[in-house]
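Read through the structure below, which is laid out as structure tokens, and then see the notes.
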Amino acid sequence: MKELDFTPRNLIYEGKSKQIFAVDDPDYVIIRYKDDASAYNGIKRAQITNKGVLNNKISSIIYQQLEKNGIKTHFVKRLNDREQLCRRKNVIPIEFVARNRAAGSMAIRLGLKEGFELPTPIFEMCYKNDELDDPIINYTHAIALGLSDSDTIEKVKIEVMRVNDILTPLFAQLGVTLVDFKTEFGKLPDGTLVLADELSPDTCRLWDADTNERLDRDRFRRDLGRVAEAYGIILSRLEQLK
Ligand code: TMP
């Protein structure tokens, strides 16, 4: 059998918090997690020592749990402290958000008190476009702009709600409230829809269930301090999972 070489080769993309490298096999990429923190579409930036290591480990555990529960993802395996091997996919240029409580941009937009428990989860879409500040869109915008098609969006919506149904009790069992989270999806060369990107305190709002202490990127956005410590709490709780 052919020995696969997963040594990172060329940098093919660099985002605010991750780098993506090609490997010899064109079906795979290596994703490298950086310590760069950003907020407000990159206006606020800093280095948080060890954040990349924590997010790589946290996201790897979450993706393994999701795979175990039947969610198809791009994740293959964690390679080391900062890198994971993932399947190469074409990412849909839409951010898909699920919300269980009002917080962040939705609390502001709709005049809701942060923490208000939504009677049913909310599904939102944002056009991934930094120049436009990732504006919120609906199904008809997505289709008219050619970002995706109705069948794919319907499938993504079902998948995002399944992810929410898996992760909400998983975090609750660890004493953490999953307030909201952002996902990205892509298609493998054979057309299979997969969950892409990461799920970590950078992309989820995670509150301590007893104290409502913020254990996510809001600590950085809102200058609450102890960012890496909060991410470390999330990792140590996830490591309790069997
Ligand atoms: P929002 O309330 O700021 O719209 O964020 C909703 C969720 O999406 C929250 O869990 C944070 C996450 N998110 C990202 O991961 N990246 C982003 O660029 C933004 C704006 C939000």
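The values are calculated or read from the model by the stated rules, or taken from the named source; none is laboratory data. These numbers were taken from a predicted model, which means no experiment stands behind them. Counting neighbours? That spans all protein chains shown, and the Cβs are built from the backbone with ideal geometry, glycine included. Remember, those area values only see protein heavy atoms, side chains included, never the ligands or the DNA or RNA. Shrake-Rupley method; radii C 1.70, N 1.55, O 1.52, S 1.80 Å.
Please pick out the residue among GLY52, GLY42 that is open to solvent by less than 40 Å² (accessible area, probe 1.4 Å), under 28 Å from ASP133 (Cβ atoms) and modelled with pLDDT under 95.
Exactly one residue qualifies, and that residue is GLY42.
Report, by residue number, each residue of region 92-119 that is near the ligand (Cβ under 10 Å from one of its atoms) and either assigned to a helix (DSSP H, G or I) or farther than 20 Å from VAL176 by Cβ (or both).
GLU95, PHE96, GLY104, SER105, MET106, ALA107, ILE108, ARG109
Every residue in region 151-160 that is open to solvent by 50 Å² or more (accessible area, probe 1.4 Å), closer than 21 Å to ARG99 by Cβ and of a type in the set (Asp, Glu), please.
GLU154
Has region 184-192 got any residue that is closer than 26 Å to ILE20 by Cα, in contact (Cβ under 8 Å) with a residue 12 or more places away in the chain, among the β-branched types (Val, Ile, Thr) and away from the ligand (no atom under 11 Å from the Cβ)?
Yes.
Run ILE122 past the list (1) over 30 Å from LYS242 (Cβ atoms); (2) of a type in the set (A, V, I, L, M, F, W, C); (3) more than 11 Å from the ligand (Cβ to nearest atom) and report the number of the one that doesn't hold.
Going through (1) over 30 Å from LYS242 (Cβ atoms); (2) of a type in the set (A, V, I, L, M, F, W, C); (3) more than 11 Å from the ligand (Cβ to nearest atom) one by one, ILE122 breaks only (3).
Is there any pair with a first residue in region 7-34 that is within 17 Å of ASN90 (Cβ to Cβ) and outside any strand (DSSP E or B) and a second that is at pLDDT 95 or above and open to solvent by 80 Å² or more (accessible area, probe 1.4 Å) whose Cβ atoms are under 6 Å apart and which are 6 or more apart or on different chains, and what are they?
So the pair list comes out as ASP27/ARG88.
Has region 142-149 got any residue that is at pLDDT 95 or above, closer than 30 Å to LEU235 by Cβ and touching a strand residue (DSSP E or B) at 6+ places or on another chain (Cβ under 7 Å)?
no
Kindly evaluate SER59 against the criterion of being open to solvent by less than 30 Å² (accessible area, probe 1.4 Å), in a helix (DSSP H, G or I) and either within 22 Å of PHE171 (Cα to Cα) or without any contact (Cβ under 8 Å) to a residue 40 or more places away in the chain (or both).
Taking the combined requirement at face value, the residue satisfies it.
Yes/no matrix, rows are residues, columns are (1) without any contact (Cβ under 8 Å) to a residue 40 or more places away in the chain; (2) open to solvent by less than 20 Å² (accessible area, probe 1.4 Å); (3) more than 16 Å from the ligand (Cβ to nearest atom):
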| site | (1), (2), (3) |
| --- | --- |
| ASP134 | no, no, no |
| ILE143 | yes, no, yes |
| ASP149 | yes, no, yes |
| LEU195 | no, yes, no |
| PRO201 | no, yes, no |
| ASP216 | yes, yes, no |
| TYR231 | no, yes, no |
| ARG237 | no, no, yes |
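(1) open to solvent by 10 Å² or more (accessible area, probe 1.4 Å); (2) under 22 Å from ALA37 (Cβ atoms): which one isn't true of LEU170, the others all being true?
It is condition (2) that LEU170 fails.
Just a yes or no: is a residue in region 173-182 away from the ligand (no atom under 16 Å from the Cβ) and open to solvent by 30 Å² or more (accessible area, probe 1.4 Å)?
Yes: region 173-182 contains one or more residues that are away from the ligand (no atom under 16 Å from the Cβ) and open to solvent by 30 Å² or more (accessible area, probe 1.4 Å).
If a residue has to be open to solvent by 80 Å² or more (accessible area, probe 1.4 Å) and closer than 25 Å to GLY186 by Cα to count, how many in region 99-127 make the cut?
Qualifying residue count for the region: 0.
Output the residues belonging to region 120-132 that are outside any strand (DSSP E or B), without any contact (Cβ under 8 Å) to a residue 60 or more places away in the chain and farther than 19 Å from CYS204 by Cβ.
ASN129, GLU131, LEU132
Counting only residues that are touching a Ser or Thr at 6+ places or on another chain (Cβ under 8 Å) and either open to solvent by 20 Å² or more (accessible area, probe 1.4 Å) or modelled with pLDDT under 95 (or both), how many does region 78-92 have?
Residues in region 78-92 being touching a Ser or Thr at 6+ places or on another chain (Cβ under 8 Å) and either open to solvent by 20 Å² or more (accessible area, probe 1.4 Å) or modelled with pLDDT under 95 (or both): 1 in total.
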